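The values are calculated or read from the model by the stated rules, or taken from the named source; none is laboratory data. This is a predicted model, so every value here is computed, not measured. Don't worry about glycine lacking a Cβ; one is built from the backbone with ideal geometry, like all the others, and counts go over all protein chains shown. Each accessible area value is taken on the protein alone, full model and side chains, heavy atoms only, with ligands, DNA and RNA left out. Shrake-Rupley method; radii C 1.70, N 1.55, O 1.52, S 1.80 Å.
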Amino acid sequence: MTATPDPTASSRAPLAADEGWQPDRFLDRYQVRTLPLGPDPDGEGPISATLVRAGATGPEPITGAVLYVHGFTDYFFHEPLADFFTARGHRFYALDLRKCGRSRQPQHTAHYTSDLTQYDEELTAALDIIGAEAGDVPVIVAAHSTGGLVAPLWLDRLRTQAPHQHARVAGLLLNSPWLDLQGESYLRSYPVTMLLKALAAARPKEVVPKELSSAYGESLHADAHGEWHYDLTVKPLGGFPVTFGFLNAIRTAQRRLHRGLDVGVPSLVLRSDKTHFSRAYSERVDVADAVLDVSQIARWSGCLGGRVSVVPIPGARHDVFLSREAARERAYREVDAWLTRVAERRSEHTHDSDSRPEETLR
(Lines give C-alpha, C1' and ligand atoms only; values in the text may rest on other atoms or scores of the structure.)
Protein backbone atom coordinates (compact mmCIF):
# COMPACT_ATOMS: atom_id res chain seq x y z
CA MET A 1 0.00 0.00 0.00
CA THR A 2 1.35 3.43 -0.92
CA ALA A 3 1.54 6.00 1.86
CA THR A 4 -0.40 9.21 1.36
CA PRO A 5 2.13 11.95 0.61
CA ASP A 6 2.15 15.40 2.09
CA PRO A 7 0.87 17.64 -0.75
CA THR A 8 3.34 20.32 0.33
CA ALA A 9 6.33 18.01 0.03
CA SER A 10 8.67 17.89 -2.94
CA SER A 11 11.84 15.94 -3.73
CA ARG A 12 13.30 18.89 -5.62
CA ALA A 13 14.69 22.22 -4.49
CA PRO A 14 12.38 25.24 -4.90
CA LEU A 15 12.49 26.72 -8.40
CA ALA A 16 12.52 30.44 -9.02
CA ALA A 17 10.12 32.16 -11.38
CA ASP A 18 11.17 31.98 -15.05
CA GLU A 19 13.72 29.26 -14.36
CA GLY A 20 13.99 26.40 -16.82
CA TRP A 21 11.38 27.28 -19.46
CA GLN A 22 11.96 25.86 -22.96
CA PRO A 23 9.99 26.00 -26.23
CA ASP A 24 7.27 23.37 -26.44
CA ARG A 25 7.72 20.72 -29.13
CA PHE A 26 3.96 20.42 -29.71
CA LEU A 27 2.63 23.98 -29.66
CA ASP A 28 4.00 27.22 -31.06
CA ARG A 29 4.06 30.17 -28.63
CA TYR A 30 4.02 27.79 -25.66
CA GLN A 31 6.80 26.94 -23.25
CA VAL A 32 7.41 23.93 -21.03
CA ARG A 33 9.18 23.44 -17.76
CA THR A 34 10.24 20.06 -16.40
CA LEU A 35 9.44 19.34 -12.77
CA PRO A 36 11.81 16.58 -11.56
CA LEU A 37 10.08 14.20 -9.15
CA GLY A 38 12.90 11.78 -8.33
CA PRO A 39 12.52 7.98 -8.23
CA ASP A 40 9.17 6.52 -9.26
CA PRO A 41 7.26 5.08 -6.26
CA ASP A 42 6.02 2.41 -8.69
CA GLY A 43 9.52 1.37 -9.75
CA GLU A 44 9.78 2.64 -13.34
CA GLY A 45 12.89 4.79 -12.96
CA PRO A 46 13.18 8.57 -12.67
CA ILE A 47 9.97 10.50 -13.27
CA SER A 48 9.03 14.10 -13.89
CA ALA A 49 6.00 16.20 -14.69
CA THR A 50 5.76 18.95 -17.30
CA LEU A 51 4.26 22.37 -16.75
CA VAL A 52 3.08 24.08 -19.95
CA ARG A 53 2.79 27.87 -20.16
CA ALA A 54 0.81 29.77 -22.77
CA GLY A 55 2.89 32.40 -24.52
CA ALA A 56 -0.05 34.58 -25.48
CA THR A 57 -0.88 37.34 -23.03
CA GLY A 58 -4.22 38.97 -22.49
CA PRO A 59 -5.25 42.33 -21.12
CA GLU A 60 -3.45 43.93 -18.21
CA PRO A 61 -3.55 43.85 -15.30
CA ILE A 62 -3.57 40.09 -14.74
CA THR A 63 -6.79 39.16 -12.97
CA GLY A 64 -6.13 35.47 -12.35
CA ALA A 65 -4.45 32.27 -13.46
CA VAL A 66 -5.56 28.81 -14.55
CA LEU A 67 -4.01 25.43 -13.82
CA TYR A 68 -5.40 22.81 -16.22
CA VAL A 69 -5.14 19.04 -15.62
CA HIS A 70 -5.77 16.54 -18.44
CA GLY A 71 -7.52 13.18 -18.44
CA PHE A 72 -6.47 9.59 -19.19
CA THR A 73 -4.90 9.08 -22.63
CA ASP A 74 -4.53 12.83 -22.89
CA TYR A 75 -2.15 15.76 -22.75
CA PHE A 76 -2.56 19.50 -23.15
CA PHE A 77 -3.01 20.57 -26.78
CA HIS A 78 -6.23 22.62 -26.75
CA GLU A 79 -5.07 26.15 -27.56
CA PRO A 80 -8.60 27.64 -27.86
CA LEU A 81 -9.18 26.80 -24.19
CA ALA A 82 -6.05 28.71 -23.22
CA ASP A 83 -7.04 31.59 -25.52
CA PHE A 84 -10.42 31.81 -23.79
CA PHE A 85 -8.82 32.38 -20.40
CA THR A 86 -5.97 34.64 -21.54
CA ALA A 87 -8.49 36.90 -23.27
CA ARG A 88 -10.07 37.35 -19.85
CA GLY A 89 -6.85 38.36 -18.14
CA HIS A 90 -5.80 34.94 -16.85
CA ARG A 91 -2.34 33.47 -17.15
CA PHE A 92 -2.80 29.93 -18.46
CA TYR A 93 -0.83 26.88 -17.36
CA ALA A 94 -1.40 23.18 -18.00
CA LEU A 95 0.21 20.20 -16.30
CA ASP A 96 1.13 16.96 -18.03
CA LEU A 97 1.27 14.59 -15.06
CA ARG A 98 4.00 12.02 -14.48
CA LYS A 99 4.12 9.30 -17.19
CA CYS A 100 1.57 11.25 -19.24
CA GLY A 101 1.92 13.22 -22.47
CA ARG A 102 5.15 15.23 -22.53
CA SER A 103 6.28 13.62 -19.28
CA ARG A 104 6.23 9.97 -20.39
CA GLN A 105 9.54 8.24 -21.08
CA PRO A 106 10.06 4.93 -22.96
CA GLN A 107 10.39 2.93 -19.72
CA HIS A 108 7.09 4.22 -18.37
CA THR A 109 3.73 2.48 -18.47
CA ALA A 110 1.52 5.18 -19.97
CA HIS A 111 -0.53 7.06 -17.36
CA TYR A 112 0.27 4.47 -14.69
CA THR A 113 0.10 5.17 -11.00
CA SER A 114 -0.86 2.90 -8.14
CA ASP A 115 -2.19 5.80 -6.05
CA LEU A 116 -3.67 9.07 -7.28
CA THR A 117 -2.32 10.89 -4.23
CA GLN A 118 1.12 10.65 -5.84
CA TYR A 119 0.03 13.45 -8.18
CA ASP A 120 -0.17 15.86 -5.24
CA GLU A 121 3.53 16.55 -5.58
CA GLU A 122 3.46 18.00 -9.10
CA LEU A 123 0.12 19.73 -8.59
CA THR A 124 1.39 21.62 -5.56
CA ALA A 125 4.70 22.40 -7.26
CA ALA A 126 2.79 23.83 -10.24
CA LEU A 127 0.64 25.95 -7.92
CA ASP A 128 3.80 27.34 -6.30
CA ILE A 129 5.32 28.24 -9.66
CA ILE A 130 2.14 29.99 -10.75
CA GLY A 131 2.20 32.01 -7.56
CA ALA A 132 5.84 32.95 -8.10
CA GLU A 133 5.17 34.08 -11.68
CA ALA A 134 1.67 35.52 -11.64
CA GLY A 135 1.75 36.95 -8.15
CA ASP A 136 -1.06 37.00 -5.64
CA VAL A 137 -3.90 36.39 -8.10
CA PRO A 138 -6.74 33.88 -7.72
CA VAL A 139 -6.14 30.54 -9.42
CA ILE A 140 -8.83 28.50 -11.16
CA VAL A 141 -8.08 24.77 -11.20
CA ALA A 142 -9.61 23.23 -14.33
CA ALA A 143 -9.59 19.48 -14.94
CA HIS A 144 -11.00 16.93 -17.37
CA SER A 145 -12.14 13.32 -16.87
CA THR A 146 -9.51 11.49 -14.75
CA GLY A 147 -8.02 14.88 -13.91
CA GLY A 148 -11.50 15.76 -12.67
CA LEU A 149 -11.13 13.04 -10.05
CA VAL A 150 -7.52 13.84 -9.19
CA ALA A 151 -7.98 17.60 -8.68
CA PRO A 152 -10.86 17.59 -6.12
CA LEU A 153 -9.11 15.03 -3.92
CA TRP A 154 -5.92 17.08 -4.03
CA LEU A 155 -7.77 20.28 -3.11
CA ASP A 156 -9.53 18.53 -0.24
CA ARG A 157 -6.15 17.46 1.19
CA LEU A 158 -4.54 20.81 0.46
CA ARG A 159 -7.33 22.61 2.33
CA THR A 160 -6.47 20.84 5.59
CA GLN A 161 -2.73 20.22 5.20
CA ALA A 162 -1.60 23.46 3.54
CA PRO A 163 -4.31 26.12 3.94
CA HIS A 164 -1.95 28.95 2.92
CA GLN A 165 -1.46 27.27 -0.47
CA HIS A 166 -5.12 26.35 -0.79
CA ALA A 167 -6.01 30.02 -0.25
CA ARG A 168 -4.57 30.80 -3.70
CA VAL A 169 -7.33 28.75 -5.35
CA ALA A 170 -10.56 30.59 -6.15
CA GLY A 171 -12.56 27.96 -8.02
CA LEU A 172 -12.70 24.45 -9.48
CA LEU A 173 -13.88 23.85 -13.05
CA LEU A 174 -14.54 20.20 -13.90
CA ASN A 175 -15.15 19.00 -17.45
CA SER A 176 -16.84 15.56 -17.44
CA PRO A 177 -15.07 14.32 -14.28
CA TRP A 178 -14.63 10.56 -13.77
CA LEU A 179 -16.53 10.28 -10.49
CA ASP A 180 -17.64 6.63 -10.74
CA LEU A 181 -16.93 3.48 -12.73
CA GLN A 182 -19.18 3.26 -15.77
CA GLY A 183 -20.78 -0.01 -16.86
CA GLU A 184 -22.91 -2.69 -15.24
CA SER A 185 -23.61 -2.34 -11.51
CA TYR A 186 -21.84 -5.60 -10.62
CA LEU A 187 -18.54 -3.95 -11.62
CA ARG A 188 -18.96 -1.68 -8.58
CA SER A 189 -19.94 -4.49 -6.20
CA TYR A 190 -17.95 -5.50 -3.12
CA PRO A 191 -16.77 -8.87 -4.52
CA VAL A 192 -15.45 -7.24 -7.70
CA THR A 193 -13.79 -4.51 -5.62
CA MET A 194 -11.98 -7.14 -3.52
CA LEU A 195 -10.96 -9.08 -6.64
CA LEU A 196 -9.58 -5.91 -8.21
CA LYS A 197 -7.57 -5.15 -5.08
CA ALA A 198 -6.08 -8.64 -5.16
CA LEU A 199 -5.22 -8.40 -8.87
CA ALA A 200 -3.70 -4.95 -8.35
CA ALA A 201 -1.49 -6.31 -5.58
CA ALA A 202 -0.38 -9.39 -7.52
CA ARG A 203 -0.29 -8.10 -11.12
CA PRO A 204 -0.51 -4.30 -11.01
CA LYS A 205 0.67 -3.61 -14.56
CA GLU A 206 -1.27 -6.37 -16.26
CA VAL A 207 -3.80 -5.00 -18.74
CA VAL A 208 -7.49 -5.28 -17.95
CA PRO A 209 -8.97 -7.57 -20.65
CA LYS A 210 -11.37 -5.14 -22.27
CA GLU A 211 -11.74 -4.19 -25.91
CA LEU A 212 -10.86 -0.55 -26.53
CA SER A 213 -13.11 1.54 -28.76
CA SER A 214 -11.69 4.21 -31.05
CA ALA A 215 -15.12 5.80 -31.64
CA TYR A 216 -14.50 8.79 -29.37
CA GLY A 217 -11.02 9.40 -30.75
CA GLU A 218 -12.34 9.22 -34.30
CA SER A 219 -14.98 11.81 -33.47
CA LEU A 220 -12.22 14.24 -32.43
CA HIS A 221 -9.23 13.88 -34.71
CA ALA A 222 -9.03 15.74 -38.02
CA ASP A 223 -7.65 12.65 -39.76
CA ALA A 224 -10.89 10.78 -38.96
CA HIS A 225 -14.26 12.49 -38.39
CA GLY A 226 -13.26 15.45 -36.21
CA GLU A 227 -11.69 18.88 -36.45
CA TRP A 228 -8.87 18.72 -33.90
CA HIS A 229 -5.18 18.20 -34.54
CA TYR A 230 -3.10 16.46 -31.88
CA ASP A 231 -0.28 13.92 -31.64
CA LEU A 232 -1.61 10.36 -31.87
CA THR A 233 1.48 8.91 -30.19
CA VAL A 234 0.54 10.57 -26.90
CA LYS A 235 -3.23 10.50 -27.44
CA PRO A 236 -4.01 7.43 -29.59
CA LEU A 237 -7.48 7.10 -31.09
CA GLY A 238 -8.30 3.96 -29.12
CA GLY A 239 -6.65 5.09 -25.90
CA PHE A 240 -3.93 3.45 -23.81
CA PRO A 241 -4.63 0.08 -22.14
CA VAL A 242 -5.93 0.22 -18.55
CA THR A 243 -4.03 -1.82 -15.96
CA PHE A 244 -5.32 -3.48 -12.81
CA GLY A 245 -3.14 -1.28 -10.61
CA PHE A 246 -4.33 1.95 -12.19
CA LEU A 247 -7.99 0.89 -12.13
CA ASN A 248 -7.69 0.02 -8.44
CA ALA A 249 -6.23 3.48 -7.80
CA ILE A 250 -9.20 5.01 -9.59
CA ARG A 251 -11.73 2.98 -7.62
CA THR A 252 -10.01 3.81 -4.33
CA ALA A 253 -10.17 7.51 -5.16
CA GLN A 254 -13.80 7.32 -6.30
CA ARG A 255 -14.85 5.61 -3.06
CA ARG A 256 -13.10 8.36 -1.12
CA LEU A 257 -14.98 11.01 -3.11
CA HIS A 258 -18.29 9.22 -2.54
CA ARG A 259 -17.82 9.63 1.22
CA GLY A 260 -17.82 13.38 0.65
CA LEU A 261 -15.13 16.02 0.16
CA ASP A 262 -14.79 19.72 0.75
CA VAL A 263 -12.73 21.28 -2.01
CA GLY A 264 -13.21 24.59 -0.23
CA VAL A 265 -14.01 26.69 -3.31
CA PRO A 266 -16.97 27.16 -5.70
CA SER A 267 -17.15 24.40 -8.32
CA LEU A 268 -18.61 24.27 -11.80
CA VAL A 269 -19.19 20.83 -13.30
CA LEU A 270 -19.86 20.66 -17.04
CA ARG A 271 -21.10 17.47 -18.68
CA SER A 272 -23.02 16.30 -21.71
CA ASP A 273 -26.76 15.84 -21.50
CA LYS A 274 -26.53 12.20 -22.59
CA THR A 275 -24.28 9.16 -22.92
CA HIS A 276 -23.79 7.00 -25.98
CA PHE A 277 -21.36 4.08 -25.72
CA SER A 278 -20.38 2.58 -29.06
CA ARG A 279 -17.66 0.32 -30.45
CA ALA A 280 -17.84 2.03 -33.85
CA TYR A 281 -18.05 5.67 -34.82
CA SER A 282 -21.39 7.16 -35.80
CA GLU A 283 -22.74 10.71 -35.71
CA ARG A 284 -24.37 9.92 -32.35
CA VAL A 285 -20.87 9.87 -30.87
CA ASP A 286 -20.47 13.52 -31.88
CA VAL A 287 -23.30 14.72 -29.65
CA ALA A 288 -22.95 12.61 -26.52
CA ASP A 289 -20.43 11.46 -23.94
CA ALA A 290 -19.00 8.27 -25.44
CA VAL A 291 -16.68 7.60 -22.47
CA LEU A 292 -18.51 8.19 -19.18
CA ASP A 293 -22.04 7.78 -17.85
CA VAL A 294 -23.31 11.33 -17.37
CA SER A 295 -25.93 10.20 -14.83
CA GLN A 296 -23.07 9.19 -12.54
CA ILE A 297 -21.47 12.62 -12.93
CA ALA A 298 -24.80 14.20 -11.99
CA ARG A 299 -25.21 11.87 -9.01
CA TRP A 300 -21.79 12.33 -7.42
CA SER A 301 -21.02 15.99 -8.13
CA GLY A 302 -22.64 16.95 -4.84
CA CYS A 303 -19.83 15.12 -3.03
CA LEU A 304 -17.41 17.92 -3.93
CA GLY A 305 -18.64 20.14 -1.11
CA GLY A 306 -20.70 23.32 -0.97
CA ARG A 307 -21.38 25.76 -3.82
CA VAL A 308 -21.42 23.21 -6.66
CA SER A 309 -23.09 24.12 -9.96
CA VAL A 310 -23.72 21.27 -12.41
CA VAL A 311 -24.58 22.24 -15.98
CA PRO A 312 -25.49 19.72 -18.69
CA ILE A 313 -24.44 20.94 -22.14
CA PRO A 314 -26.81 19.66 -24.85
CA GLY A 315 -24.95 17.83 -27.60
CA ALA A 316 -21.57 17.92 -25.85
CA ARG A 317 -18.87 15.30 -26.27
CA HIS A 318 -16.95 13.75 -23.38
CA ASP A 319 -14.58 16.72 -23.49
CA VAL A 320 -17.14 19.49 -23.69
CA PHE A 321 -14.53 21.95 -25.01
CA LEU A 322 -13.85 19.62 -27.94
CA SER A 323 -17.53 19.42 -28.85
CA ARG A 324 -19.10 20.70 -32.01
CA GLU A 325 -19.19 24.46 -32.18
CA ALA A 326 -22.68 25.11 -30.78
CA ALA A 327 -22.12 22.94 -27.72
CA ARG A 328 -18.65 24.22 -26.94
CA GLU A 329 -19.73 27.84 -27.33
CA ARG A 330 -22.51 27.23 -24.82
CA ALA A 331 -19.95 25.66 -22.48
CA TYR A 332 -17.74 28.73 -22.78
CA ARG A 333 -20.70 30.99 -21.99
CA GLU A 334 -21.38 28.98 -18.85
CA VAL A 335 -17.74 29.29 -17.78
CA ASP A 336 -17.75 33.02 -18.51
CA ALA A 337 -20.79 33.58 -16.30
CA TRP A 338 -19.35 31.36 -13.55
CA LEU A 339 -16.01 33.23 -13.57
CA THR A 340 -17.93 36.45 -13.02
CA ARG A 341 -19.76 34.94 -10.04
CA VAL A 342 -16.54 33.59 -8.56
CA ALA A 343 -14.83 36.98 -8.89
CA GLU A 344 -17.81 38.76 -7.30
CA ARG A 345 -17.94 36.31 -4.42
CA ARG A 346 -14.22 36.63 -3.82
CA SER A 347 -14.46 40.41 -3.86
CA GLU A 348 -17.35 40.36 -1.38
CA HIS A 349 -15.45 37.97 0.89
CA THR A 350 -12.35 40.19 0.82
CA HIS A 351 -14.42 43.30 1.55
CA ASP A 352 -16.20 41.59 4.45
CA SER A 353 -12.88 40.41 5.93
CA ASP A 354 -11.34 43.87 5.64
CA SER A 355 -14.30 45.49 7.38
CA ARG A 356 -14.33 43.20 10.44
CA PRO A 357 -12.93 44.36 13.77
CA GLU A 358 -9.32 43.32 14.22
CA GLU A 359 -10.04 40.84 17.01
CA THR A 360 -12.35 38.79 14.76
CA LEU A 361 -9.57 38.20 12.25
CA ARG A 362 -7.21 36.51 14.67
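Here the Gaussian network model covers the chain, with springs between Cα atoms less than 10 Å apart; of D180, D42, D319, D42 fluctuates the most.
Spin-label pair E19-E60: with each label point 7 Å from Cα along the Cα-Cβ axis, the two points sit 2.6 nm from one another. In the range 203-252, the portion of solvent-accessible area held by carbon and sulfur atoms comes to 57 percent [1.4 Å probe, whole percent, DNA, RNA and ligands not counted]. Work through the residues other than T50 whose Cβ is under 12 Å from its Cβ and net out their charges, Lys, Arg +1 and Asp, Glu -1. Taking every other residue near T50 into account, the sum is +4. The fraction of accessible area contributed by carbon and sulfur in the range 67-114 is 47 percent, rounded to a whole number (1.4 Å probe; ligands and nucleic acids excluded). Running a GNM on the chain with Cα contacts under 10 Å, which residue among L195, L123, L172 ends up with the highest mean-square fluctuation? Highest fluctuation among the options: L195.
The local environment of S272, defined by Cβ-Cβ distances under 12 Å, has a net charge of +2 under the rule Lys, Arg +1 and Asp, Glu -1.
On a per residue basis, the range 58-169 carries 26 Å² of accessible surface, using protein heavy atoms and a 1.4 Å probe.
For the range 156-261, the square roots a ≥ b ≥ c of the C-alpha gyration tensor eigenvalues yield an a/c of 1.5 or more together with a/b not exceeding b/c, which makes the shape oblate. Over the chain, what is the percentage of antiparallel beta bridges among all DSSP beta bridges, to the nearest 5? About 35 percent, rounded to the nearest 5. So which of K197/K274; K197/K235; K210/K235 end up more than 26 Å apart, counting from Cα to Cα? Violating the 26 Å limit, Cα to Cα: K197/K274; K197/K235.
Within the same chain, aspartates and glutamates fewer than 8 places from K205 are excluded, and of the rest, those with a Cα less than 20 Å from its Cα are D40, D42, E44, D74, D115.
Looking at the chain, which longest stretch skips every one of the GluC sites (Glu not before Pro) that is in a DSSP loop with at most 12 other Cβ atoms within 10 Å, leaving the sites themselves out? Longest site-free region, per DSSP loop and neighbour criteria: 20-183.
A compact globular protein would have a Cα radius of gyration near 2.2 N^0.38 Å; the ratio found for the chain is 0.95.
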